[in-house]
1. Quick one: A:Ala27 ticks every box in (1) surrounded by 19 or more Cβ atoms within 10 Å (Cβ to Cβ); (2) within 12 Å of another protein chain (Cβ to nearest Cβ) except a single one, so which number is it?
2. Counting only residues that are within 13 Å of another protein chain (Cβ to nearest Cβ) and within 12 Å of the ligand (Cβ to nearest atom), which one in region A:83-97 is surrounded by the most Cβ atoms within 10 Å (Cβ to Cβ)?
3. So which residues in region B:176-221 are within 13 Å of B:Ile166 (Cα to Cα) and loosely packed, with under 13 Cβ neighbours inside 10 Å?
4. For region A:47-64, what are the residues that are under 20 Å from A:His2 (Cα atoms), open to solvent by 10 Å² or more (accessible area, probe 1.4 Å) and within 14 Å of another protein chain (Cβ to nearest Cβ)?
5. Scan region B:23-46 and give yes if some residue there is aliphatic (A, V, I, L, M), open to solvent by 10 Å² or more (accessible area, probe 1.4 Å), under 24 Å from B:Ala85 (Cβ atoms) and away from chain A (no Cβ under 13 Å), otherwise no.
6. Given the conditions (1) within 9 Å of chain B (Cβ to nearest Cβ); (2) away from the ligand (no atom under 16 Å from the Cβ), report the number of the one that A:Ile44 does not fulfil.
7. Looking at B:Ala49 and the list (1) within 26 Å of B:Val14 (Cβ to Cβ); (2) surrounded by fewer than 19 Cβ atoms within 10 Å (Cβ to Cβ); (3) under 16 Å from the mean Cα position of the chain (by Cα), which single condition is not satisfied?
8. Is it true that B:Cys96 is farther than 20 Å from B:His20 by Cα and out of contact with any strand residue (DSSP E or B) (no Cβ under 8 Å at 6 or more places or on another chain)?
Amino acid sequence: MHELSIAMSIVDLAQQEAEQRGVRINAVHLKLGALSGIVKESLIASYEMASFDTPLKQSRLVIEEVPVVIFCLVCKVECELSTIQMFCCSQCGAPSSEIVRGRELEVTALEVQS
Amino acid sequence: MMQEPRLIEVRKNVLKQNDHIARALREQFRNAGVFVVSLVSSPGSGKTAFLEKILTILREHYRVAALVGDLATENDALRLARSHAPVRQITTGTLCHLEAAMVQRSLDEWDLNQLDFLFIENVGNLVCPSSYDLGENLRLVLLSVTEGEDKPLKYPTIFNSADVAIFTKTDLAEAVEFDASAALANIQAVRPGMDVFSISAKTGAGMPQFLEFLAARLAEMREAVAF
Ligand SMILES: [Zn+2]
């Protein structure tokens, strides 16, 4: 369970950005890759705890889940995985470890009010 | 008057601080010519026995040391000290994984130039360590034959963050009817092309092949630095 420490990092990061810009945060937008090692539900619950005693209390964490995309060396195309239990091209079935997307753990935007 | 909410773009990696320290560590290891191997596994996978054996054997030909991440309640470091290699403990308290900053702090006053191999034993956990780069050159994920063949499918993320998988306690394989080909297929499904070694710390079976692999990787790294 490392979601709480991740949530605290998110709150810190967002708070710094908010202070620099002199704005109040309504929501934090986050990209969460399927290979990030973070459980979405657990992160949302942790965010509530982490933001509780901060100016981000009442703000929301909006999570965009990013599926894993691999590059197939046979077909030369990118291919989205339907499960992270099978790293295979959906067209030709060739296995591939060439990960294009899916490790994201990134604050992408802040919904703010001046 | 209250203004309308607006969206501002930020694009910041949440783990950027850890990644930054990990990059600095990797550079430091490279300059010192030390090859750094980290180990992840679930508790009870035989990680400490495996590492004790490795340290004991490697010590005959190489300068080795180990950092051990322990929860407050454990003490693997004491056990590893039996290998007579320098061992340091990193007590993580209740934290379920190591972070790059902890590794950096615990390297204080250690002369990396005097080392060939540094091993970092992560806390026994197949989930949390996957998110944290420690600056290591090679990450091993250990899977004991007693844990079952489907472990890779249950923890695809950690297998994906690792470079090499190791079946441990292979002396027990027959007794627990471990299906090695099924386990291999599961590893290849979640991490195509992953190198896999089968090792018994008890009998030493499989150890020479793995040590040869490590020696080759050390030589490879030093050659790359030299050029
Ligand atoms: Zn293909």
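The values are calculated or read from the model by the stated rules, or taken from the named source; none is laboratory data. The model shown is predicted, which means the values in this text are computed figures rather than measured ones. Because the Cβ atoms are built from the backbone with ideal geometry, glycine has one as well, and the counts that use them run over all protein chains shown. Surface accessibility is based on the protein's heavy atoms, side chains included, excluding ligands, DNA and RNA. Shrake-Rupley method; radii C 1.70, N 1.55, O 1.52, S 1.80 Å.
1. So A:Ala27 meets the others, but not (1).
2. Applying the filter and picking the extreme gives A:Phe87.
3. Matches in region B:176-221: B:Gln209 only.
4. Residues satisfying the conditions are A:Ala50, A:Arg60, A:Leu61, A:Val62, A:Ile63, A:Glu64.
5. yes
6. Every listed condition holds for A:Ile44 apart from (1).
7. Of everything listed in (1) within 26 Å of B:Val14 (Cβ to Cβ); (2) surrounded by fewer than 19 Cβ atoms within 10 Å (Cβ to Cβ); (3) under 16 Å from the mean Cα position of the chain (by Cα), B:Ala49 misses just condition (1).
8. In short, yes.
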